[in-house]
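Asks: Supplied in structure tokens, the structure appears directly below.
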Amino acid sequence: MKKNLITLFTVFMTVFAFVGCQKEDGLSLKGTKWSYTDTYAEDGVQYIVENYISFTSSTNAVYGEVETITAGNESQTYNYTSDYTYQLSGNLVVMTPLQAGNAYLEGEISSNIKMVVTNVSYGEVIGTFYKK
């Protein structure tokens, strides 16, 4: 009986150790897009600005901005994109620009759908991005 209990205990501990050491499926950004839109008017001109981050792979991302300016019946749209590499550590995303002169960015993810992005170069919050 004692031998059976020891064997059962050994099997239990082995299974417990195996399950406890398995890597958890953490947050994955690959293939996701996060964005927010600002709309404002100034001197009769309407501005709509969408900022977004697309995580194109497990290490690459694109930061972009689409600005539409409307005055009367005329509209003009401007697009800006910048390529980044990124590292994810827990809920912190550290984004490094591939082109010199572009800002270093950090994003703090909460609730798996909201990310506050900061321009680390200037210490300013860019905005709160939401997962699409």
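The values are calculated or read from the model by the stated rules, or taken from the named source; none is laboratory data. In this text, all values refer to a predicted model and were calculated from it rather than measured experimentally. In this analysis, Cβ positions are derived from the backbone assuming ideal geometry, glycine residues included, and neighbour counts consider all displayed protein chains. Please note that ligands, DNA and RNA were not included when accessible areas were found on the heavy atoms of the full protein model with its side chains. Shrake-Rupley method; radii C 1.70, N 1.55, O 1.52, S 1.80 Å.
Asks: Can you name every residue in segment 66-79 that is open to solvent by less than 80 Å² (accessible area, probe 1.4 Å) and either within 13 Å of Glu50 (Cβ to Cβ) or in contact with a strand residue (DSSP E or B) (Cβ under 8 Å, 6 or more places away or on another chain) (or both)?
Replies: Val66, Glu67, Thr68, Ile69, Thr70, Ala71, Ser75, Thr77
Asks: Considering (1) within 16 Å of Lys30 (Cα to Cα); (2) open to solvent by 40 Å² or more (accessible area, probe 1.4 Å), say which one Phe55 fails and leave the rest.
Replies: The failed condition is (2).
Asks: Quick one: Lys132 ticks every box in (1) of a type outside the set (A, V, I, L, M, F, W, C); (2) under 15 Å from Tyr36 (Cα atoms); (3) surrounded by 11 or more Cβ atoms within 10 Å (Cβ to Cβ) bar one, so which box is it?
Replies: Condition (3) is where Lys132 drops out.
Asks: With (1) open to solvent by 50 Å² or more (accessible area, probe 1.4 Å); (2) among the polar types (S, T, N, Q); (3) at pLDDT 95 or above as the list, and Ser82 as the residue in question, which single condition is left unmet?
Replies: (1)
Asks: Is it true that Asp43 is open to solvent by 80 Å² or more (accessible area, probe 1.4 Å), at pLDDT below 95 and either touching a Pro at 6+ places or on another chain (Cβ under 9 Å) or at positive phi (or both)?
Replies: Considered against the rule, which asks whether it is open to solvent by 80 Å² or more (accessible area, probe 1.4 Å), at pLDDT below 95 and either touching a Pro at 6+ places or on another chain (Cβ under 9 Å) or at positive phi (or both), Asp43 comes out as yes.
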